[in-house]
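The values are calculated or read from the model by the stated rules, or taken from the named source; none is laboratory data. Keep in mind the model is a prediction, meaning the values are calculated, not measured. FYI the Cβ positions are ideal-geometry reconstructions off the backbone, even for glycines, and counts take in every protein chain you see.
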């Protein structure tokens with residue numbers, strides 16, 4: 001998935017674990033007018049609340065030129081470029097970098113003053129769609145088992161660094177919506193999470209959570225409330241959208257996947273978006289339905305609408321007009337539906353537009 005990344009900047013992290021350079025990539029979210037805390041934007045850094053939605057530890061280079069201690073040591077073959085390289089927990093220097101950066105970030109966003117703002121972060125997502133190893137977390141190691149072990153080791157180091165500073169923090173592994181099958185450049189999320197969980201448990205269970213990107217398949221499909229041949233309420237489904245997100249939450253209810261306290265690990269829908277390229281009505285209904293799904297699944301701990309304003313450079317050419325505003329700052333109909341998504345009147349209006357009572361399409365958990 002080619003989506004535009006959030007803004008980023010460089011800094012040097014100093015903590016009790018040492019010092020490291022890092023590349024920090026933010027998704028920041030103002031609270032919206034809706035009643036519940038679930039409604040958040042992942043768009044601009046603002047004074048209300050901030051979530052580090054993607055945390056990549058690089059020196060700003062692409063993978064073809066990445067050579068610092070925090071990057072994995074596997075070579076990038078064939079001149080192929082990828083957005084980011086997997087974090088390095090295979091060397092002492094790499095581990096120290098990861099520990100320093102994660103501890104520093106947890107301290108930096110602990111509610112202390114920052115550029116005139118008070119930024120409090122309790123949710124950290126380590127990497128972006130890490131099952132998509134080639135595009136987002138490059139490490140050419142030849143197998144899912146080897147790749148996942150590297151990521152699990154890095155995740156544990158960063159989890160420990162974050163928790164050492166903020167014991168209340170939630171730390172998430174992140175996958176995309178490809179669920180029941182693997183391709184050359186993307187491991188199926190189901191298989192990846194199974195391998196990841198086994199790696200974690202083998203060295204001592206920790207309280208990891210899941211950030212899941214339950215986009216429609218294909219991304220240009222704006223109808224979130226209906227199944228397709230590739231989106232089914234079955235563990236064998238190829239893809240997971242909000243329509244069948246219960247596939248993921250049911251999967252996490254297995255005994256082997258429970259947290260150290262025996263609880264089911266929560267899921268954050270940390271990047272959701274629907275295009276208005278064909279119909280603003282479809283986008284509006286899908287946003288309402290996605291919020292309804294989140295509110296009716298006790299394992300889902302939040303939902304983030306990923307685009308406040310259309311991106312004319314990367315996304316619109318792909319047919320992805322996912323913003324609630326146009327490039328000219330006009331509010332689409334979805335903006336009003338988003339603002340009032342929980343009201344009975346809005347749900348009834350969205351249902352009428354969809355031609356079906358959206359309540360009947362839910363799978364409560």
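Of note, residue 286 satisfies the criterion of being crowded, with 24+ Cβ neighbours inside 10 Å, in a helix (DSSP H, G or I), in contact (Cβ under 8 Å) with a residue 40 or more places away in the chain and under 20 Å from the mean Cα position of the chain (by Cα). Could you tell me whether any residue of region 149-162 is surrounded by 20 or more Cβ atoms within 10 Å (Cβ to Cβ), in contact (Cβ under 8 Å) with a residue 24 or more places away in the chain and within 26 Å of residue 274 (Cβ to Cβ)? No - not one qualifying residue is present in region 149-162. Across region 305-318, not a single residue is classified as without any contact (Cβ under 8 Å) to a residue 12 or more places away in the chain and within 30 Å of residue 253 (Cα to Cα).
Quick check on residue 236: is it more than 20 Å from residue 126 (Cα to Cα) and part of a loop (DSSP other than H, G, I, E, B)? Judged against the criteria, residue 236 is a match.
Against the definition (at pLDDT below 95 and at negative phi), how does residue 314 come out, yes or no? In short, yes. So, in region 337-350, of the ones that are touching a residue at least 24 places away in the same chain (Cβ under 8 Å) and in a helix (DSSP H, G or I), which residue ends up surrounded by the fewest Cβ atoms within 10 Å (Cβ to Cβ)? Once the filter is applied, the top-ranked residue is 339.
Residues that are out of contact with any helix residue (DSSP H, G or I) (no Cβ under 7 Å at 6 or more places or on another chain) and part of a loop (DSSP other than H, G, I, E, B) were ranked within region 223-233; the one that is nearest to residue 187 (Cα to Cα) is 230.
Output yes when any residue across region 328-335 is surrounded by fewer than 24 Cβ atoms within 10 Å (Cβ to Cβ) and in contact (Cβ under 8 Å) with a residue 40 or more places away in the chain, and no when none is. Yes, region 328-335 has at least one match. The set of residues in region 169-181 that are within 19 Å of the chain's Cα centre (by Cα), over 20 Å from residue 200 (Cβ atoms) and without any contact (Cβ under 8 Å) to a residue 60 or more places away in the chain contains only 180.
Just so you know, in region 197-220 the residues that are part of a loop (DSSP other than H, G, I, E, B) and free of Cβ contacts under 8 Å to residues at least 24 places away in the same chain include one that is farthest from residue 162 (Cα to Cα), and it is 218. The residues listed here are 241, 276; of these, the one that is buried (at least 17 other Cβ atoms within 10 Å of the Cβ), free of Cβ contacts under 8 Å to residues at least 60 places away in the same chain and in a loop (DSSP other than H, G, I, E, B) is 276.
Reported count of residues in region 322-338, each being out of contact with any helix residue (DSSP H, G or I) (no Cβ under 6 Å at 6 or more places or on another chain) and either farther than 18 Å from residue 241 by Cβ or modelled with pLDDT under 95 (or both), is 10.
Here is the figure for region 155-167: residues that are within 13 Å of residue 100 (Cβ to Cβ) and under 17 Å from the mean Cα position of the chain (by Cα) total 1. Given the residues 121, 125, 130, which is the only one that is out of contact with any helix residue (DSSP H, G or I) (no Cβ under 9 Å at 6 or more places or on another chain) and closer than 17 Å to residue 268 by Cβ? Only one candidate passes the filter, namely 125. Of the residues 165, 160, 220, 175, the single one that is at pLDDT below 95 and either over 22 Å from residue 258 (Cβ atoms) or touching a helix residue (DSSP H, G or I) at 6+ places or on another chain (Cβ under 8 Å) (or both) is 165.
Residue by residue, here is whether (1) modelled with pLDDT under 95; (2) in contact with a helix residue (DSSP H, G or I) (Cβ under 9 Å, 6 or more places away or on another chain); (3) surrounded by fewer than 20 Cβ atoms within 10 Å (Cβ to Cβ); (4) under 22 Å from residue 206 (Cβ atoms) holds:
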residue: 248; (1), (2), (3), (4): no, yes, no, yes
residue: 255; (1), (2), (3), (4): no, no, yes, yes
residue: 258; (1), (2), (3), (4): no, no, yes, yes
residue: 291; (1), (2), (3), (4): no, yes, no, no
residue: 294; (1), (2), (3), (4): no, no, no, no
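Residue 358: surrounded by 17 or more Cβ atoms within 10 Å (Cβ to Cβ), in contact with a helix residue (DSSP H, G or I) (Cβ under 8 Å, 6 or more places away or on another chain), at pLDDT 95 or above and farther than 20 Å from residue 243 by Cα, yes or no? It is false that residue 358 is surrounded by 17 or more Cβ atoms within 10 Å (Cβ to Cβ), in contact with a helix residue (DSSP H, G or I) (Cβ under 8 Å, 6 or more places away or on another chain), at pLDDT 95 or above and farther than 20 Å from residue 243 by Cα.
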